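Structure record follows, encoded as structure tokens.
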Amino acid sequence: MAAAGGSGADTESDDEREPEGPPGESWYLAACQRYGATPISHVLRHMAGPELTVRHRGLGPQCAKALALYLMVNTSIIKLNLSDNWLQGEGAAAIAEMLKENCYISAVDLSDNKLGVEGAKAFSAMLLENTTIVSLQLSGNEFDDHAAKYLADALKANNKVEILDLSYNMLGDKAGEVLGMAIAENMGLKELKISWNHFCSQGAAALAKGLGANIYLKVLDVSYNGFDNSGAAALGEALKTNNVLEELNIGNNRISVEGALRFALGLKENKTLKNLNMTRNPMQSEGCFGVLKALQANSDTSVEILDLPDIPVNKEFADLCDAVKILYPNLLIRHGGNTMLQRKRQSKVELQA
């Protein structure tokens, strides 16, 4: 007969024991009970579907832990969106541990969750093991130069992620250096968004150098940084050797006439770029002219869309547009227009009225 006062060290309490049967509602409720989290009705309604989206609910770390424990055994969800939930580093660590075990989820969105350095470290460790995720959205998570080291380590080792969004963070020049080296080594990434960060001339040049060595990346968005003229020149050099990239957005990067002309030197030799966005740069009509002149001189160009809106141009540029359109009839050029001609047309209409 067993002793009535036997040790409980080898037995689970009723609260800690996993429920029997296939994972479902009971599993999730048990996980919530374990972590003292309030069950989310939306989760209960969508746990059997292929996509789970729980946004703007303020889940916090404890609810994230409960959800992560349940998702550890879920086999139906393949897309997970937990953006804007204040998960912080602690919640990110729980989700990351879950993703080491879950081999079904292929798309993850944890944007705007204040993950910080701790979150970057956790997700870096996860990406060294996970081979399922192909799309990862981590924008707006207060990643700084220190966090970039962990992200770079993951990029060097993981070749499964094809889409990565690191926009709206605090990545600066040191981050540009380590991420640039990682981009050069990565063999899986096809789309990278790093807009709205703090990459200036030095960091921008390092990123561009990595782009020049990468032979897989097709889409790059570095808009709303501070590339300046030196960064634009470095991108131009990268385009001379990179013949894979198809879409490039370098809008709002303080690129003046000089930077645009130096960038155009690389554009003159590139064969694969299809979509180029340079909006909101102080490159004036002369800079726009130089970019378009480079396309005109490149008989192997693949550019289909050239975006130069918000940049007023002169009649010389407008005439060049007409000439280039004859050469490449399918090329779409969007620009700020010729303000002088517009004013003349307006005055003519007013006189006729």
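It is to be established whether one or more residues within the range 191-206 are over 17 Å from Gly251 (Cα atoms) and assigned to a loop (DSSP other than H, G, I, E, B).
No, the range 191-206 contains no residue that is over 17 Å from Gly251 (Cα atoms) and assigned to a loop (DSSP other than H, G, I, E, B).
Which of (1) in contact with a Pro (Cβ under 9 Å, 6 or more places away or on another chain); (2) under 21 Å from Tyr328 (Cβ atoms); (3) buried (at least 23 other Cβ atoms within 10 Å of the Cβ) is the odd one out, the single condition Ile255 does not satisfy?
All conditions are met except number (2).
Scan the range 96-129 residue by residue and report those that are of a type outside the set (A, V, I, L, M) and either closer than 15 Å to Leu71 by Cα or touching a strand residue (DSSP E or B) at 6+ places or on another chain (Cβ under 7 Å) (or both). Steps first, please.
Residues of the range 96-129 that are of a type outside the set (A, V, I, L, M), as a first pass: 97, 100-104, 106, 109, 111-114, 116, 118-119, 121, 123-124, 129.
Hits for the range 96-129 are Glu97, Lys100, Glu101, Asn102, Cys103, Tyr104, Ser106, Asp109, Ser111.
Do we have any residue at all in the range 178-186 that's within 19 Å of Asn253 (Cβ to Cβ), buried (at least 21 other Cβ atoms within 10 Å of the Cβ) and out of contact with any helix residue (DSSP H, G or I) (no Cβ under 7 Å at 6 or more places or on another chain)?
Of the residues in the range 178-186, the ones within 19 Å of Asn253 (Cβ to Cβ) are 179-180, 183.
Next cut, buried (at least 21 other Cβ atoms within 10 Å of the Cβ) only: 179-180, 183.
Then keep just the ones that are out of contact with any helix residue (DSSP H, G or I) (no Cβ under 7 Å at 6 or more places or on another chain); that gives none.
Among the residues of the range 178-186, not one is within 19 Å of Asn253 (Cβ to Cβ), buried (at least 21 other Cβ atoms within 10 Å of the Cβ) and out of contact with any helix residue (DSSP H, G or I) (no Cβ under 7 Å at 6 or more places or on another chain), which makes the answer no.
Here, each number is a calculation from the coordinates, and none is a lab measurement. From a predicted model like this one, the values you see are computed outputs, not experimental measurements. Cβ: placed from backbone, ideal geometry, glycine included. Neighbour counts: every protein chain shown.
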